[in-house]
1. Lys/Arg Cβ at +1, Asp/Glu Cβ at -1, dipole of the chain taken about the Cα centre: which of 56, 130, 149 is farthest positive-ward?
2. What's the whole-number percent of alpha carbon pairs in the range 117-171 lying beyond 18 angstrom?
3. Once you've got the GNM for the chain with C-alpha springs shorter than 10 Å, pick whichever of 57, 157, 126 has the biggest mean-square fluctuation.
4. Mean separation of Cα pairs under 8 Å and 6+ residues apart, divided by the residue count of the chain: what relative contact order is that in percent?
5. Just the Kirkwood number for the range 50-132, please: inverse of mean 1/r across all distinct Cα pairs, in Å, one decimal.
6. Tell me, Kirkwood radius of the range 53-207 from alpha-carbon pair distances, in Å?
7. Gap in Å between the Cα centre of the range 151-207 and the Cα centre of the range 40-91?
8. Which of 120, 18, 68 ends up with the largest GNM mean-square fluctuation for the chain, with Cα atoms connected below 10 Å?
Amino acid sequence: MELNTLTNQTIALAGIAQVAVLVQQLATTGTADEQAMEASIGSILKIDSDGVADIYGGLAGLKLGLEQLDGQITGDKAPNPEQARYAAAIVFLERKLSDRKDMLSTIQTGIVKAQAQTEQFGLLHGNVLANLGSLYQSTISTLQPRIMVNGEQSYLGRPDIANKVRALLLAGVRSALLWRQCGGSRWKFIFYRKKIQAELQYLLKRI
């Protein structure tokens, strides 16, 4: 499977954008797009797949991220500084994580446990989210700078929402890893904006 293609890079970028939207939705409203959340969190557990889109259960699962990214690049959507901050922090932390073999090993073990739990309870069950949330908290959350999520304390203070947010941030790091594996880089995002935009339009038409 050829990983290093603009299509795959764009899909992985949309994965990061989608997590940033979902985290903000949860932090400010207490709820988030269920289908998008299932696709994002499901991507953590997909170790082997037939293609990059398959990691998210198909392109339809990334609709929210693709639309958000498209709106940001075309300027149709007002810039969202919080989402941009989450996305940038996720990409930065993934680079730091890549140097920590011990941490990667811990995450791998936790993901295998979550896969077994998912078979028993279902993907968005509280037990699965609690496991993924604590996995994020004990590993990536200890790296600096930590991602500070802004929102309503009445939501962020709830353990169930805190677990969802942490599980999503773990999913964001998964997408950032994918972006790098597919040959993505900061320079690519800056210089290939027009090509990425065209790719987004093409992918959205395929949903």
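Read-outs throughout are calculated quantities, based only on the coordinates presented, and are distinct from any laboratory measurement. What you see is a predicted model, and the numbers here were worked out from it, not measured in a lab. FYI the Cβ positions are ideal-geometry reconstructions off the backbone, even for glycines, and counts take in every protein chain you see.
1. So the residue we want is 149.
2. Working: 494 of 1485 pairs.
Of all Cα-Cα pairs in the range 117-171, 33 percent lie more than 18 Å apart.
3. Result for the chain, Cα springs under 10 Å: 157 fluctuates most.
4. Numbers: 271 pairs, mean separation 76.8, N = 207.
Rounded, it is 37 percent for the chain.
5. Working: mean 1/r = 0.0641 Å⁻¹.
This gives a value of 15.6 Å.
6. On the way: mean 1/r = 0.0588 Å⁻¹.
17.0 Å is the Kirkwood radius here.
7. The range 40-91 and the range 151-207 have Cα centres separated by 4 Å.
8. Result for the chain, Cα springs under 10 Å: 120 fluctuates most.
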